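Written out below as structure tokens is the structure these notes cover.
The values are calculated or read from the model by the stated rules, or taken from the named source; none is laboratory data. Being a predicted model, the structure only gives us computed values, none of them experimental. Neighbour counts are summed over all protein chains in view; Cβ atoms, including those assigned to glycine, are modelled from backbone coordinates with ideal geometry. Remember, those area values only see protein heavy atoms, side chains included, never the ligands or the DNA or RNA. Shrake-Rupley method; radii C 1.70, N 1.55, O 1.52, S 1.80 Å.
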Amino acid sequence: MRKIIVFCLLLFLLATACKGRPKAVMTPLPGNGAEPPEYGDALVEGTIGEPSNLIPMLAGDAASHSVSGMIYNGLVKYDTDLSVIGDLAESWDISPDGLVIVFHLRKGVKWADGVEFTSDDVMFGFKTIIDEKTPTAYKEDFLQVKKAEAPDKYTFKVTYGKPFAPALTSWGSLVVLPKHLLEGKDITKSDMVRNPVGLGPYKLSRWTPGQELILDSYADYFEGRPYIDKYVYRVIPDSATMFLELQAGGIDMMGLTPVQYTKQTENEFYRTNFRKFRYPVFSYTHMAFNLKHPLFRDKRIRQAIAYAIDKSELVDVVLYGLGSPATGPYVPNTWPYNPDVKKYGYDLEKAKQLLKEAGWSDSDGDGILDKDGLPFTFTILTNMGNNLRKNTATIIQWRLAKIGIRVEIKALEWSTFVNEFIDKRRFEAVIIGWSIGLDPDQYDIWHSSKTKEKEFNFIGYNNPEVDALLEQGRRTFDLEKRKKAYFRIQEILADELPYIFLYVPDATPIVHARFRGIKPAPIGISYNQPKWYVPKRLQRHGMEQ
Amino acid sequence: MLKYLLKRLFQMVPTLIGITLISFFIIHLAPGKPTDVLADFNPKITPEARERLEKYYGLDKPVIVQYGMWLRRIVKLDFGESFSSDRRPVMQKLWDRKQPLIDRRLFITFMLNVLSMVIILLISIPIGITSATHRNSLYDRITTTTVFIGFAMPSFWFALLLMMLFGIHLGWLPISGLKSMNYAVLSPAGQVWDRVSHLILPVFIASFGGLAGDSRYMRSSMLEVIRQDYITVARAKGLTEKVVIYRHALRNALLPLITLVGLSIPGLIGGSVIMESVFGIPGMGQLLFMSVMTRDYPMIMCVLTIGAVLTLVGNLLADLGYMLADPRIRNQ
């Protein structure tokens, strides 16, 4: 009997699983978004990882930064088109030689405990981040500062030894800390790690470890009280469980996987109850060649390989179409991105011809190219556990076989991959990704001085013109001059192909449809979160607690 | 008896040191360091900055020295501070005195495991007995198949199916977590139900998978016993079948199960890792998983040591229980 019951249960499960029309949440949500903003309601976001530390300069994980970003603001921030605009600094002046930046701070901004925010807080944050004893990964930009001064309550002045363009944006949220609460204390042991006092749109109200963080809106926020009263992060370590919670109404917002985006949310229920968004992530996946390896010294070989790879195929198959082909180390539609570089469409004939010019031909008829009796084979390394990269490698392997190149694929555990192969330069080609900072400075990746062990020009790229342009780009604040330098760098990279830039993946968040005021931009959707709202009639979470 | 107990407790010390030594070396053998999370492939990290971080965590010393330092602290019951960026004492992460008892990680895991162990025993013992007495009947075959389905089914997958059924389609039970968003405004009875309803699915899944082992052990040990001469004697005396089975046979058949329960503790801790991740339950298993991912050595060592102590104590209790239950062993 029991067996039959279990069997029926399973059948029922399978049957219902396919239909998928839940009754837990059904709020018909008409409305064109023209309703006026109103206060109230709560937004529940699902998060896989739990934050560990809410002092931004001490935190290394994405979850911590995403929560502390709601609690703290910086002196400057990025506008939707990636240009720099003021945040806690109303304006700033840069001296003509580019060595001195003077920030003019906003007046009357208050920390959540009522104390006024002044230049002393910035000075304190700066001293803390450059302190030997502070374990932070973000020190380097600040070590370039020669002198920092706070001449009065609302002015903060920094002097650099050399002009340093990324400097401006480094004065984001990392260094604004409440001096009156932290002075004289060991910051790593401070109460602020788990009980922060900030000045951003939200303040932490309760943190139940392993379960949830509840943030309340800060009524005196200097840009105006956020419309949504509560922002809740629910920790759900499993993404399948999180997706079920989304369907059941337990959470309002999460990042979808490609399958969830393209298949599981493509039905009536999700179309009426949720809105999906899509924008490029600030990262790109690429195949990097070891330029010291005899096989890849010749530019024509690298170009031939580029012609043999179909990037749009990679995007379609590996990312389910949720991404775009990459042509250089910047994200499309941002100001440093140069759309007019040399592109390598899928063209087998050109690839074969280039290889022939370089002296490779199939002289023994075994289907593999050879030169001086040596066959053309190499190994692509990538890290284990990243299926996107492994699938990419597999497709490239199959494509290159068509022009007579035999490719082996090896996936290695991350630390082994980095310590034993990348750092020791024991590789022929690797498939990995870089996340791109919002500032276009990529000195560490391309400059010929950065090729030592543990440094990031691990392919041994060396081009004096690029070196000079990188130097030029980071030593001026003039956007047009920087743009020119980075455009030229992209042209050179596209021609020399030290990397084959493969694709830029998309972020794919989903948000419940009752939230209005969301304006997608190249930097995502959450930049204007304090301006999101829910019309009164659709508010779900009322007077709780 | 007391002497035996002391001797056993004394023997536990070198075993425990051995376990921690091996664990310590194995987790340090695994490639990667706690600083990798911050430092690997981050262009803003210079080699000097990396060294500073490693020194800060004491990772620049040889492993054996690090173990010595760890051991010296442990003697004072100080498990050190977590390497994750909150730098909290690891014991506080497991047993946070500021939280109510039912929200402390160690307690949550302990409670889930005790609950499912009790349920497993309550169900598998009767199943074992009855399927032994009705050997090869239809009932025996059905129960056997059922418990093996539970054993063979991947628990994370079955959990997702049940979440879809009870959480979404029927809407009877919550999907994940320990309590609802509106917990604070519920009536006291509502709060109790809220807590209980969150536990139903995880405890059911954990128990369903564990039925097979105990019930099969019970069944075979019962079969063994009812073949013995004294059972034939009992039957010959004219006792009812009920008395024969439940008074004479059961007591003897239960003995092997005592050892089995004592040995099942490491498995339960391992199972908690999966269950707690799938159901989003903030227990010790979930913390262990996250610590392993970030190579948070002090945290991993703390959980492993607690696990080792629990296992050793479980074994000791099982042996003691065996002695209490079996006069033959007691008198040796």
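Can you name every residue in segment A:425-445 that is modelled with pLDDT under 85, more than 9 Å from chain B (Cβ to nearest Cβ) and either over 24 Å from the mean Cα position of the chain (by Cα) or open to solvent by 50 Å² or more (accessible area, probe 1.4 Å) (or both)?
The one that is modelled with pLDDT under 85, more than 9 Å from chain B (Cβ to nearest Cβ) and either over 24 Å from the mean Cα position of the chain (by Cα) or open to solvent by 50 Å² or more (accessible area, probe 1.4 Å) (or both): A:Leu438.
Of the numbered conditions (1) outside any helix (DSSP H, G or I); (2) among the hydroxyl-bearing types (Ser, Thr, Tyr); (3) at the interface with another protein chain (Cβ under 10 Å from one of its Cβ atoms), A:Ser448 fails exactly one; give the number of that condition.
(3)
Among the candidates A:Ile459, A:Ile500, A:Ile492, single out the residue that is within 22 Å of the chain's Cα centre (by Cα) and of a type in the set (A, V, I, L, M, F, W, C).
Result of the check over A:Ile459, A:Ile500, A:Ile492: A:Ile500.
How about segment A:140-183: which of its residues are of a type in the set (Gly, Ala, Ser), open to solvent by less than 30 Å² (accessible area, probe 1.4 Å) and within 26 Å of A:Lys107 (Cβ to Cβ)?
A:Ala148, A:Ala167, A:Ser170, A:Gly172
Which condition number does B:Val192 fail, the rest of (1) in contact with a Leu (Cβ under 8 Å, 6 or more places away or on another chain); (2) more than 10 Å from chain A (Cβ to nearest Cβ); (3) surrounded by fewer than 19 Cβ atoms within 10 Å (Cβ to Cβ) being met?
So the condition that B:Val192 fails would be (1).
Could you tell me which numbered condition B:Ser215 fails, if it satisfies all but one of (1) open to solvent by less than 40 Å² (accessible area, probe 1.4 Å); (2) modelled with pLDDT of 90 or more; (3) over 20 Å from the mean Cα position of the chain (by Cα)?
Against the list (1) open to solvent by less than 40 Å² (accessible area, probe 1.4 Å); (2) modelled with pLDDT of 90 or more; (3) over 20 Å from the mean Cα position of the chain (by Cα), B:Ser215 comes up short only on (3).
Which numbered condition trips up A:Ala248, out of (1) under 18 Å from A:Ile432 (Cβ atoms); (2) in contact with a Gly (Cβ under 9 Å, 6 or more places away or on another chain)?
Unmet for A:Ala248, out of (1) under 18 Å from A:Ile432 (Cβ atoms); (2) in contact with a Gly (Cβ under 9 Å, 6 or more places away or on another chain): (1).
I need the full set of residues from segment A:108-133 which are part of a helix (DSSP H, G or I), within 19 Å of A:Thr155 (Cβ to Cβ) and open to solvent by 40 Å² or more (accessible area, probe 1.4 Å), in order please.
A:Asp120, A:Lys127 - these are the residues of segment A:108-133 that are part of a helix (DSSP H, G or I), within 19 Å of A:Thr155 (Cβ to Cβ) and open to solvent by 40 Å² or more (accessible area, probe 1.4 Å).
If the requirement is being open to solvent by 30 Å² or more (accessible area, probe 1.4 Å) and away from chain B (no Cβ under 11 Å), which of these qualifies: A:Lys189, A:Lys230, A:Lys203?
So the residue among A:Lys189, A:Lys230, A:Lys203 that is open to solvent by 30 Å² or more (accessible area, probe 1.4 Å) and away from chain B (no Cβ under 11 Å) is A:Lys203.
Restricting to segment B:273-290, name every residue that is more than 8 Å from chain A (Cβ to nearest Cβ), under 17 Å from B:Ile306 (Cα atoms) and either surrounded by fewer than 24 Cβ atoms within 10 Å (Cβ to Cβ) or over 11 Å from the mean Cα position of the chain (by Cα) (or both).
B:Val273, B:Leu288
Contact list please: Cβ distance under 8 Å, first residue in segment A:255-284 and under 15 Å from A:Ala513 (Cβ atoms) and part of a strand (DSSP E or B), second residue open to solvent by 30 Å² or more (accessible area, probe 1.4 Å) and among the hydroxyl-bearing types (Ser, Thr, Tyr), pairs at least six apart or on different chains.
Listed by first residue and then by second, the contacts come to A:Lys276/A:Tyr261.
Which ones in segment A:287-341 are of a type in the set (A, V, I, L, M, F, W, C) and within 30 Å of A:Glu453 (Cβ to Cβ)?
Residues satisfying the conditions are A:Met287, A:Ala288, A:Phe289, A:Leu291, A:Leu295, A:Phe296, A:Ile301, A:Ile305, A:Ala306, A:Ile309, A:Ala326, A:Val331.
Among the residues of segment A:399-417, is any in contact with a helix residue (DSSP H, G or I) (Cβ under 9 Å, 6 or more places away or on another chain), within 14 Å of another protein chain (Cβ to nearest Cβ) and open to solvent by 60 Å² or more (accessible area, probe 1.4 Å)?
yes
Checking A:Ala248 against (1) open to solvent by 20 Å² or more (accessible area, probe 1.4 Å); (2) under 30 Å from A:Asp423 (Cα atoms); (3) hydrophobic (A, V, I, L, M, F, W, C), only one condition comes out false. Which one?
Result: A:Ala248 passes all but (2).
Looking at segment B:205-215, is at least one residue out of contact with any helix residue (DSSP H, G or I) (no Cβ under 6 Å at 6 or more places or on another chain) and under 25 Å from B:Met117 (Cα atoms)?
yes
Taking the condition of being crowded, with 17+ Cβ neighbours inside 10 Å and at pLDDT below 90, how many residues in segment A:79-107 meet it?
3
Would you be able to tell me the number of residues in segment B:232-268 that are more than 30 Å from B:Thr109 (Cβ to Cβ), of a type in the set (Gly, Ala, Ser) and either in contact (Cβ under 8 Å) with a residue 24 or more places away in the chain or in contact with a strand residue (DSSP E or B) (Cβ under 7 Å, 6 or more places away or on another chain) (or both)?
Residues meeting the conditions: 2.
Looking only at segment A:347-376, which residues are at positive phi and out of contact with any strand residue (DSSP E or B) (no Cβ under 7 Å at 6 or more places or on another chain)?
Passing the criteria: A:Gly365, A:Gly367, A:Asp372, A:Gly373.
Criterion first (within 12 Å of chain A (Cβ to nearest Cβ), small (Gly, Ala, Ser), surrounded by fewer than 22 Cβ atoms within 10 Å (Cβ to Cβ) and in contact with a helix residue (DSSP H, G or I) (Cβ under 8 Å, 6 or more places away or on another chain)) does B:Ser82 satisfy it?
no
Anything in segment B:117-152 that is facing chain A (nearest Cβ under 10 Å), surrounded by fewer than 17 Cβ atoms within 10 Å (Cβ to Cβ) and under 27 Å from the mean Cα position of the chain (by Cα)? List them, or say none.
B:Thr145
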